Amino acid sequence: MKAKNFGMLLLAGLFAFGLQSCDDDDDHITAPAELVAAFAEVFPNVDANAVRWEMDYQYGETYYEAEFWENRLEKSAWFTQAYEWVMTETDHEPPFSDVPQAVIDAAKAQYPDHYLDDIDYIETPTEAYYRVEMEQFDRDVYLNILADGTVLQ
């Protein structure tokens, strides 16, 4: 009897998980023509039809977020409500071979007892740096590091 109840509970959990993952599709929006034009200006080599748009709320502001792939890298670009580009985040995957070795060395020097968990390249109109996530057990530490290995404070 217990095995039957466990099986039903497991099935219900999987069903609920499946429904939850469907909710993500509801967050997508159709981008206004002005936004698509602004995106194309910043990313002329990306097919605008392959971009997934969402609204994102950060620091009390509302942004348009474009999720897309460029040069086999997953990216997110943020635009203001006035269609101005704010930031692009490029996700780098292990083994991080496309990240400058100086960045990896600087992160490991700062936290030698942690391991590299995630590296994102952040570009804004005024700066560009790598955001490195170092992890040890359940403790995450984030470092902002320039391509030459300089750790930003």
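Please enumerate the residues belonging to segment 87-121 that are surrounded by 14 or more Cβ atoms within 10 Å (Cβ to Cβ), of a type in the set (Ser, Thr, Tyr) and either over 30 Å from Glu61 (Cβ atoms) or at pLDDT below 95 (or both). Listed by number, the list holds a single entry, Tyr111.
Number of residues in segment 37-74 that are outside any helix (DSSP H, G or I), among the aliphatic types (A, V, I, L, M) and either out of contact with any Phe, Trp or Tyr (no Cβ under 7 Å at 6 or more places or on another chain) or open to solvent by 50 Å² or more (accessible area, probe 1.4 Å) (or both) equals 2.
The values are calculated or read from the model by the stated rules, or taken from the named source; none is laboratory data. Keep in mind that this is a model prediction, so the values were computed, not measured. Cβ coordinates were reconstructed from backbone atoms using ideal geometry, including for glycine residues, and neighbour counts include every protein chain displayed. Side chains included, ligands, DNA and RNA excluded: accessible areas come from the protein's heavy atoms. Shrake-Rupley method; radii C 1.70, N 1.55, O 1.52, S 1.80 Å.
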